[in-house]
Structures are given as C-alpha cells and as structure tokens.
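Q: Have a look at this one before I ask anything.
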Amino acid sequence: MKKILIITCLYTGYLLSDSLSVQTLSILHLPGDFAYDIWIKDTFAYVVGDTGLVVINISDPENPYVRTIYPPGRGRGIYIRDTLAYIAKSSGYLGVDNISDPLNPVEVGRCSTGTINLDVWVQGNFAYVAGYTGGLRIIDIRDPTNPVEVGFNAENSL
C-alpha cells in the first residue's frame with residue numbers, strides 16, 4: 001500500500017493510503033494570520049506568509065515543528081532551486097534567500113517590482129513574478145546577488 005504525505009498551507013498533514021481514505025497525521029498552527037505558499041525540500045517545508053519565511057521540520061510527518069521564522073517582508077509565493085529560495089514579496093520586490101543552512105536563511109539579493117506580488121516561478125535564468133496590479137515581471141537571476149528586471153507585461157493586470 002503506497003502512502004503519500006500532503007501538506008496544506010495551514011499545515012495539516014494528511015496521509016493517503018488509497019484514493020478513498022484520508023487520515024490526518026498532524027496539525028501545526030503557524031504564527032501570523034495567513035500562509036500563502038509552501039515548498040517542500042528534503043525534510044523541510046518552507047512556508048511564506050504574514051510573518052515572512054517559516055521553516056518547518058517535517059522529517060517526522062506526525063510531529064512537525066517550526067525550526068526558524070525569518071521575518072523580512074510578507075511573502076506571497078516561493079520557488080526553491082538548489083540552495084536559493086525566490087520569494088515574491090507583497091511589499092513590492094522579489095527576494096532571493098540563501099537557504100543552504102535552513103535554520104539560518106539569509107537574503108542575498110532583491111529586485112524591486114513596484115507592485116504587490118502574488119507568486120513566482122523560476123525557469124532557466126529567469127524568475128517570473130506575477131503581480132497584483134503590475135502584471136508579469138521577468139527578472140534575470142543569473143547573478144542571484146543582483147537580480148535585474150528585464151521585461152514586463154502589465155496589459156492584463158487585475
């Protein structure tokens with residue numbers, strides 16, 4: 001019987017043993033009012049929300065616990081590649097955090113987007129940041145310490 005762990009942004013862990021039954025493994029209440037996005041890497045869940053970046057140890061899915069809260073800026077979206085977390089901040093910038101030590105994330109770069117950001121996706125050398133009123137921003141991330149906006153399309157903004 002195959003078992004799958006599902007994590008929601010409110011962090012309720014569910015264990016699925018088949019498609020017809022769902023069992024709650026654990027519930028972890030996070031600080032702040034909202035958690036907007038989550039990314040799983042190794043034994044950690046990286047959650048962005050009102051309090052910034054929350055790093056949760058999920059090595060034991062039945063007993064998850066908060067390891068670190070890294071507060072700079074409310075995050076709305078996160079994408080992790082290797083040791084870098086790209087975080088769409090609602091305060092108008094894309095943050096690049098080094099998470100090689102999950103207990104001590106460090107912001108290594110940022111790029112202003114001038115809008116409330118909703119989400120981020122990374123492909124190749126570019127981060128694509130969706131903005132609430134600023135449309136889609138395209139950011140060159142070849143140098144993560146100095147990300148640079150190289151294009152945008154605000155035609156169909158919300």
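No value in this document is a laboratory result; all are computed from the given coordinates. Predicted, not measured: the structure shown is a model, and the values here were computed from it. Don't worry about glycine lacking a Cβ; one is built from the backbone with ideal geometry, like all the others, and counts go over all protein chains shown.
Q: Stick to Cα atoms and the Kirkwood definition of Rh, then tell me Rg/Rh for the range 39-158.
A: 0.99
Q: What are the chymotrypsin sites (Phe, Trp or Tyr not before Pro) within the range 33-113 that DSSP puts in a loop, where the Cβ has at most 16 other Cβ atoms within 10 Å?
A: Phe34
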